[in-house]
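Novice: The structure is given below, and queries will be raised subsequently.
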Amino acid sequence: MSTSTELPPNPPPTAYAQAVHAFGRMVSLRLLAWSVLSLAAGALLWRRGSPFWRGFGAQALGWGAIDALIALSGLRPGQQPSAEPARAARNLRRLLWFNAALDVGYMAGGLRLARGKGRSDASWRGQGWGIVVQGAFLFVFDVVHGLRVPAPVEPAEAGPEGTNRNGKHD
């Protein structure tokens, strides 16, 4: 009789779990690339631009920093594929669609800022349009990725003599 308290090893992740995990990392890497571009453009515009471009650059800097933090949280070392990949995929899809709805609000708010305070102040106009551009990019980003979250794969139904339901051998 063994008195060992060792737990059995975790089963290896399924191909679907690995696909969902890899997709999430890819989304984070793409968001990180956008954040680096936003930070670089924002710094350049903020330092050398007219009041409009300084305002625009300030928004690029702010959004770039926030996007970088979000992206890096999705790239934390040691993350493993989920034991419940369908749930992880569903949560990621919901998050992306929720963010797409927020992006519409950001664009509307940016337009309001550009056309309100920005009517008489170039810096506010630049900030408003900076928000519109960030919101527009993130809207496309979230919709495209929301549509591409890996769907669960149904196992092929067995057919006669080792063929699948389409009559082909696996």
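Novice: Just to confirm a number: summing +1 for Lys and Arg and -1 for Asp and Glu over residues other than ALA71 whose beta-carbon lies under 12 angstrom from that of ALA71, what do you get? Mind dumping the intermediate values first?
Specialist: Values: positive: ARG25, ARG30, ARG76; negative: ASP67.
Here the charged neighbours net out to +2.
Novice: I've got another one for you. Just to confirm, what accessible area per residue do you get for segment 1-139 at 1.4 Å probe, in whole Å²? Could the numbers behind the result be given before it?
Specialist: Details: 8830 Å² over 139 residues.
Normalised by residue count, the accessible surface of segment 1-139 is 64 Å².
Novice: Ok, one more. Under 15 Å from the Cβ of ARG90, count the other residues' Cβ atoms, weight Lys and Arg +1, Asp and Glu -1, and hand me the total.
Specialist: Numbers: positive: ARG87, ARG93, ARG94, ARG148; negative: GLU84.
Overall, the nearby charge balance is +3.
Novice: Under a plain spin-label model, where a point goes 7 Å from the Cα along Cα-to-Cβ, how far apart in nm are ARG148 and LEU29?
Specialist: So the label points at ARG148 and LEU29 sit 1.2 nm apart.
Novice: Report the net charge of residues surrounding GLY118, where surrounding means a beta-carbon distance below 10 angstrom and charges are Lys +1, Arg +1, Asp -1, Glu -1.
Specialist: Working: positive: ARG112, ARG115, LYS117, ARG119, ARG125; negative: ASP121.
For residues surrounding GLY118, the net value is +4.
Novice: So for SER120, SER82, what's the accessible-area order with a 1.4 Å probe, most first?
Specialist: Details: SER120 110, SER82 50 Å².
I get SER120, SER82, largest accessible area first.
Novice: Determine the shape class of segment 1-146: with a ≥ b ≥ c the square roots of the Cα gyration tensor eigenvalues, call it rounded for a/c under 1.5, and otherwise prolate if a/b is greater than b/c, oblate otherwise.
Specialist: Working: a/c = 3.96, a/b = 2.58, b/c = 1.53.
Because a/c hits 1.5 or more and a/b exceeds b/c, segment 1-146 counts as prolate.
Novice: Pop out the carbon and sulfur fraction of the accessible area of segment 3-108 as a percent, whole number, probe 1.4 Å.
Specialist: Numbers: 4570 of 6830 Å².
Its accessible area is 67 percent carbon and sulfur atoms.
The values are calculated or read from the model by the stated rules, or taken from the named source; none is laboratory data. Source: prediction; values computed, not measured. Cβ sites come from the backbone with ideal geometry, for glycine too, and all protein chains shown count toward neighbours. These area figures cover heavy atoms from the full protein model, side chains too; ligands, DNA and RNA do not enter into them. Shrake-Rupley method; radii C 1.70, N 1.55, O 1.52, S 1.80 Å.
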